[in-house]
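Asks: Structure incoming, see below.
The values are calculated or read from the model by the stated rules, or taken from the named source; none is laboratory data. Owing to the predicted nature of the structure, the values given are computational and were not obtained by experimental measurement. Backbone-built Cβ (ideal geometry, glycine too); neighbour counts: all protein chains shown. What goes into the accessible areas is simple: the full protein's heavy atoms, side chains included, and nothing from ligands, DNA or RNA. Shrake-Rupley method; radii C 1.70, N 1.55, O 1.52, S 1.80 Å.
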Amino acid sequence: MKMNINIIPVLCFLLLCSCKNGNASSQSTNETVQDTIKSITLPAIPTMMTAPEQRADFLVKHYWDNVNFADTNYIHHPEVTEQAWADYCDILNHVPLETAQEAMRKTIERTNANKKVFTYITDLADKYLYDPNSPMRNEEFYIPVLDAMLDSPLLEEIEKVRPKARRELAQKNRIGTKALNFNYTLASGAQGSFYQLQAEYILLFINNPGCHACTETIDALKNAPIINQLLEQKRLTVLSIYPDEELDEWRKHLNEFPKEWVNGYDKTFAIKEQQLYDLKAIPTLYLLNKEKTVLLKDATAQAVEEYLLIRSNN
């Protein structure tokens, strides 16, 4: 199903959709026999809420009020439920993170009414918020899903092994925390430590040589004026790291990387074997400040460029 990332767009949607679906909340939540699901009935936003942020706050908290999560009919209508899920995930971007996380956790907790529905909804969370190929991937929204899974009475302990491992990995290098240190080796054989790098901003770029997405990211970074400007001003250091074993392949592609970058590899494979960084998506970009505090995690080159543009102009 195509992900509807811009819901109408969202702000217009929040201003326009208010009470047209408001009468559905009187339906019994126990009606699970007849399959009459045609759409997700949105809650009626109180008319006194006129500001987009107020309406977004109300909607993320009450989005699923008219959905009976004990009704397994919902899992047979992905054209309805999956689109509603994609729209919901998009709305979460328009409220404070704490509000979004609380709303997401409560949503997953409500699906404890039925294990089939619980599995279906958590699978959607995997697809939209965790899958590295999803444009809506968002670890901060996914963490409350994992928390709710670990607390769910529906899952056996063996079924909690995977969400527990994902939760532990997600806790590493979160935005606002200090990134984990590691050593790197240059083509010359010289070694260095990530923590030894000194600059106002440090961009950690973990990649594999020759991969299409890596090449695209390299080109995007090389052609970003703000990155070149900050490199020239010595305000930014780009550390490109190869985490795997095929050094001949890495050396073959070294000329693709700007000489202004620090280009190295992980000789001891600590990043991968100790899971210091989440490598489910390659390449991955982390932007840090001089204290090695994470500013952006698993970001796109465009997101890095936009962040630096805003900060450098302040």
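Asks: Which one, Ile143, Ile241, Ile37, has the greatest fluctuation when you compute a Gaussian network model over the chain with C-alpha springs under 10 angstrom?
Replies: It is Ile37.
Asks: What residues have an amide H closer than 5 Å to that of Glu246, excluding those fewer than 5 places away on the same chain, when H is modeled at 1.01 Å from N in the peptide plane?
Replies: Amide H neighbours of Glu246, under 5 Å, 5+ apart: none.
Asks: With a probe of 1.4 Å, find how much accessible area the stretch 228-314 has per residue, and write the answer as a whole number in Å².
Replies: Details: 4570 Å² over 87 residues.
Roughly 53 Å² per residue, with all protein chains present.
Asks: For the stretch 187-314, what relative contact order do you get, as a whole percent, if you take Cα pairs closer than 8 Å and at least 6 residues apart?
Replies: Details: 174 pairs, mean separation 42.1, N = 128.
RCO, the stretch 187-314: 33 percent.
Asks: Which whole-Hz ³J(HN,Hα) couplings does the stretch 229-237 yield from phi under the Karplus relation 6.51 cos²θ - 1.76 cosθ + 1.60, θ = phi - 60°, glycine and proline marked x?
Replies: Result, rounded to whole Hz: 5, 5, 4, 5, 7, 6, 8, 10, 10.
Asks: So, one more: Relative to the first principal axis of the alpha-carbon coordinates of the chain, what is the inclination of helix 115-125, with its axis defined by its Cα atoms, in degrees from 0 to 90 and to the nearest 10?
Replies: 40
Asks: Between Arg251 and Leu150, what is the label-to-label distance in nm when each label sits 7 Å out along the Cα-to-Cβ direction?
Replies: Here the answer is 4.4 nm between the modelled labels.
Asks: Using a Gaussian network model of the chain whose springs link C-alpha atoms within less than 10 Å, name the residue from Ser188, Ser134, Ser39 with the highest mean-square fluctuation.
Replies: The residue that fluctuates most here is Ser188.
Asks: Based on DSSP H runs of at least 4 residues, each adding -39500 (n - 2.57), what is the mean residue ellipticity at 222 nm of the chain after dividing by all its residues, to the nearest 500 deg cm²/dmol? Please list the in-between numbers first.
Replies: Working: 12 runs with 121 residues, N = 314.
Calculated from helices alone, the mean residue ellipticity at 222 nm is -11500 deg cm²/dmol.
Asks: Among the listed pairs Lys61/Lys116; Lys222/Lys259; Lys178/Lys259; Lys178/Lys297; Lys106/Lys280, which are separated by more than 19 Å between their Cα atoms? Walk me through the numbers on the way to the answer.
Replies: Numbers: Lys61/Lys116 23 Å; Lys222/Lys259 11 Å; Lys178/Lys259 27 Å; Lys178/Lys297 12 Å; Lys106/Lys280 27 Å.
Lys61/Lys116; Lys178/Lys259; Lys106/Lys280, as the Cα separations exceed 19 Å there.
Asks: Specify whether the C-alpha gyration tensor of the stretch 192-314 places it in the rounded, prolate or oblate class, a ≥ b ≥ c being the square roots of the eigenvalues: rounded for a/c under 1.5, otherwise prolate if a/b is larger than b/c and oblate if not. Show your work: numbers first, answer last.
Replies: Values: a/c = 1.64, a/b = 1.39, b/c = 1.18.
It comes out prolate by the Cα gyration axes.
Asks: Shifting gears a bit: Using a 1.4 Å probe, what is the accessible area per residue for the stretch 108-226, in Å²? Mind showing how you got there, number by number?
Replies: On the way: 5650 Å² over 119 residues.
For the stretch 108-226, the solvent-accessible area averages 47 Å² per residue.
Asks: Read phi for every residue in the stretch 141-153 and hand back ³J(HN,Hα) as whole Hz from Karplus 6.51 cos²θ - 1.76 cosθ + 1.60, θ = phi - 60°, with x for Gly and Pro.
Replies: In residue order, the calculated couplings are 7, 7, 4, x, 5, 4, 4, 5, 5, 5, 8, 5, x Hz.
Asks: Moving on. Could you tell me which label, among (i) 7, 29, 37, 22, 5, 0; (ii) 6, 25, 32, 22, 10, 3, 1, 0; (iii) 5, 23, 28, 21, 15, 7, 1, 0, carries the value of P(r) over Cα pairs in 10 Å bins from 0, in percent calculated for this structure?
Replies: This structure yields the entry labelled (iii).
Asks: Using θ = phi - 60° and the Karplus relation 6.51 cos²θ - 1.76 cosθ + 1.60, list the HN-Hα couplings for the stretch 46-63 in order, rounded to whole Hz, with x at every Gly or Pro.
Replies: Rounded to whole hertz, the list is x, 5, 6, 8, 9, 6, x, 5, 5, 5, 5, 4, 5, 5, 5, 7, 10, 3.
Asks: Return the loop-located GluC sites (Glu not before Pro) in the stretch 94-189 (DSSP other than H, G, I, E, B) with at most 12 other Cβ atoms within 10 Å of their own Cβ; answer none if there are none.
Replies: Working: sites: Glu98, Glu102, Glu109, Glu139, Glu140, Glu156, Glu157, Glu159, Glu168; in loops: Glu156.
Counting only loop positions with at most 12 other Cβ atoms within 10 Å, the GluC sites (Glu not before Pro) in the stretch 94-189 are Glu156.
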